[in-house]
Amino acid sequence: MPRPHIDVGADEPRRALVKQRLTESNTARAAVLRELEAIGERHEAPLEVYATDEAGELVGGLTGTTWASWLHVDRLWVADDHRGAGLGRRLLHQAESVARSERGCGHARVETWSFQAPGFYLKQGYREVGVIEDYPPGECEHLFVKEL
């Protein structure tokens, strides 16, 4: 077999093809992925929760996805002048509630950096299951999970 040529660079069509082929390969090898596909849970579904002030301005938000009985919190942000008043907790709890009651999720996960909010997630009942040291340099990335 000839040795493949290696290219480096952004290429949206190739990125989509790699994703498609990896999904096909994984689905062929893992029974759980075939079962999820059979019940219509092949793709992640977005879950978004937003908070606005009296003027309708965005003051907080949570974006994430649900898939395979899991809520994955991607981002949680609260405006500086609204921090410390429980808004982050309210956003997170609302997302967890929707994930549990409307989407059948039994678990949640989130990654956060050491300069962000590891203590916040511990206070919300999450437990740390992993740490990546020096990512980004000089900091750590923390992985938290919670049973809903």
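Data table
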read-out	value
Where His43 falls short, out of the listed (1) at pLDDT below 90; (2) of a type outside the set (D, E, K, R); (3) farther than 30 Å from Gln124 by Cα	(3)
Flag if Gly125 is assigned to a helix (DSSP H, G or I) and farther than 30 Å from Thr23 by Cα	no
Residue that is in contact with a strand residue (DSSP E or B) (Cβ under 9 Å, 6 or more places away or on another chain), over 19 Å from Gly84 (Cβ atoms) and either assigned by TED's automatic domain parsing to the domain that holds Ala68 or in contact (Cβ under 8 Å) with a residue 24 or more places away in the chain (or both), where the choices are Gly138, Gly104	Gly104
Residue, surrounded by the most Cβ atoms within 10 Å (Cβ to Cβ), within region 64-114, restricted to residues that are under 24 Å from Glu35 (Cα atoms), of a type in the set (Ser, Thr, Tyr) and over 10 Å from the mean Cα position of the chain (by Cα)	Ser69
Unmet requirement for Ala55, which otherwise passes all of (1) at pLDDT 90 or above; (2) outside the structural domain of Gly88 (by TED's automatic domain parsing); (3) part of a loop (DSSP other than H, G, I, E, B)	(2)
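This table checks each residue for (1) closer than 23 Å to Val145 by Cβ; (2) of a type in the set (Gly, Ala, Ser).
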position: Arg14; (1), (2): no, no
position: Gln20; (1), (2): no, no
position: Leu33; (1), (2): yes, no
position: Leu36; (1), (2): yes, no
position: Glu44; (1), (2): yes, no
position: Val59; (1), (2): no, no
position: Ala68; (1), (2): yes, yes
position: Leu76; (1), (2): yes, no
position: Arg89; (1), (2): yes, no
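The values are calculated or read from the model by the stated rules, or taken from the named source; none is laboratory data. None of these values were measured; they are calculated from a predicted model. Here Cβ is always computed from backbone atoms with ideal geometry, including for glycine, and neighbour counts include all displayed protein chains.
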